[in-house]
Amino acid sequence: MLQKTVLLLALVTQVLMLENGLLRTPPMGWLAWERFRCNIDCDHDPKNCISERLFMEMADRLAQDGWRDLGYVYINIDDCWIGGRDAKGRLLPDPKRFPHGIAFLADYAHSLGLKLGIYEDLGKMTCMGYPGTTLDKVELDAETFAEWKIDMLKLDGCFSTAKERAHGYPKMSAALNATGRPIAFACSWPAYEGGLPPKVNYTLIANICNLWRNYDDIQDSWKSVLSILDWFVKHQDILQPAAGPGHWNDPDMLLIGNFGLSFEESRAQMALWTVLAAPLFMSTDLRTISPQNIDILQNPLVIKIHQDPLGIQGRRIFKSKSQIEVFKRPLSNGASALVFFSRRTDMPYRFHSSLLELNFPESKEYEGQNVFTGDVIRGLKSETNFTVIINPSGVVMWYLYPMRTQE
Ligand SMILES: *[C@@H]1O[C@H](CO)[C@@H](O)[C@H](O)[C@H]1NC(C)=O
Ligand SMILES: *[C@@H]1O[C@H](CO)[C@@H](O)[C@H](O)[C@H]1NC(C)=O
């Protein structure tokens, strides 16, 4: 009974405690997992194994190839970096693969104007079997990360019980806060509870985490993108209100630049993740990425939409029998982003609609831009019938704002 009271009190204090001022817009950066997984074979694959070399080379690319200046500032380590714990129980990186230690890597990232993220797991082991953060280690590990000057922590949930998660995630949030260092907190908690109420309380999650994985891990295929998208759309009434400045739903990493997506599908993931106000974590080899994929990921208007200061997550607002769907994200100053998305697999489809049909207010006039082609849109009235041509598994994305009325 006493134990229960203590736990309850702990939860109550933590709810009153979170607002670390971080991630007022969804984070952008690079995360190792989807592309590089748990490749620890540095003897045979030194360029691609999880090691300080990989993170330093990606940091160089982020800084030198225009990424950082567009907002891709996080460089995040995922699983398989841990070597063990020292005599005092403090985490140590693998000494062979991270010979200079994590603080060195953080300094390196900071010297390039980047931020370093790290990974742990609230359980006895990480998903890949490395030492986890058990409940008794939460404070110690938070202090270690702060000493290393870490900027974001992704806390996974493998090998933990629901009870441990209910206690541990709020505890880590409080422990990070207590270090005094601003450390963004990425929680995998909801994903381990099925992502939905009543098991998941998104008010509570938003109070303790800056971002959170809701659903399955992404894999390098269009099928995986669609299954995640379908789940997010199906539950948008629950998920959409949970997001806002400082707290975001996370449908997982961008696949763009890897092996599973076509050009159209890559644009589609970029556009859809942007209207969902999702974190934009690339997970691809920035040393070899193609100019075409760079163009998708570095499109300045997409990034402007993604980073809109209102931080409102978009929704699917229309679904036609012809397998065309329309997504809308409201933006500041009355602007909005529209994504026309085709699930067809035949040929480019001529979709006819009007803004009125898409629930825009009557008798207004809009201008803007087709985000990927750069075509200018002028004098588009709510009532005007228009046609967009959408490629199979592709998108057309518009940025629209109301025309200023003449004074
Ligand atoms: C800790 O929480 C307090 C209260 O919400 C907040 O003002 C402060 O900025 C937080 N500090 C850090 C380092 O997150
Ligand atoms: C969800 O969490 C919030 C904040 O801790 C709390 O006020 C609310 O009562 C909880 N809702 C449910 C249904 O438990």
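The values are calculated or read from the model by the stated rules, or taken from the named source; none is laboratory data. Because the structure is a prediction, the values reported are computed rather than measured. Here the Cβ is made from the backbone with ideal geometry for all residues, glycine too, and neighbour counts use every protein chain on show. Surface accessibility is based on the protein's heavy atoms, side chains included, excluding ligands, DNA and RNA. Shrake-Rupley method; radii C 1.70, N 1.55, O 1.52, S 1.80 Å.
Here are the numbers for this structure:
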item	result
Under 19 Å from the Cα of Lys171 - lysines, other chains or at least 8 residues apart	Lys4, Lys124, Lys137, Lys154, Lys163, Lys199
Approximate spin-label separation Thr179-Lys96, in nm, with each point projected 7 Å along Cα-to-Cβ	2.8 nm
Whole-percent pair-distance distribution, where bins are 10 Å wide, for the alpha carbons of the chain	5, 22, 31, 24, 12, 5, 1, 0
Cα convex hull volume per residue for region 89-207 (Å³)	107 Å³
FRET E, pair Asp136, Gln64, Förster distance 51 Å, beta-carbon r, rounded to 0.05	0.75
Solvent-accessible surface ranking, highest first, for Thr288, Thr25, Thr387, Thr345 at 1.4 angstrom	Thr345, Thr288, Thr387, Thr25
Separation between Cα centres of region 171-221 and region 48-77, rounded to whole Å	24 Å
Alpha-carbon Debye profile of region 310-407, log10 I(q)/I(0) at 0.12, 0.13, 0.22, 0.23 Å⁻¹	-0.37, -0.44, -1.24, -1.34
Apportionment of accessible area to carbon and sulfur, region 2-306, percent (1.4 Å)	56 percent
Integer Hz, Karplus 6.51/-1.76/1.60 couplings in order for region 200-214, x for Gly and Pro	10, 10, 5, 5, 5, 4, 5, 7, 10, 10, 8, 7, 8, 6, 9
Probe 1.4 Å, accessible area per residue of region 2-306, Å²	39 Å²
Beta bridges per DSSP with both ends in the chain, % antiparallel, nearest 5	60 percent
Distance (nanometres) between label positions extended 7 Å along Cα→Cβ at Asp216 and Arg404	4.9 nm
Extension gain (nm, one decimal) between Leu112 and Asn359, 0.36 nm per residue minus Cα-Cα	84.4 nm
Accessible carbon and sulfur surface of region 315-402 relative to its total accessible area, %, 1.4 Å	45 percent
Accessible surface of Tyr119 - all protein chains present, 1.4 Å probe, nearest 10 Å²	0 Å²
Which of Leu239, Leu70 is most accessible, then next, and so on - probe 1.4 Å	Leu70, Leu239
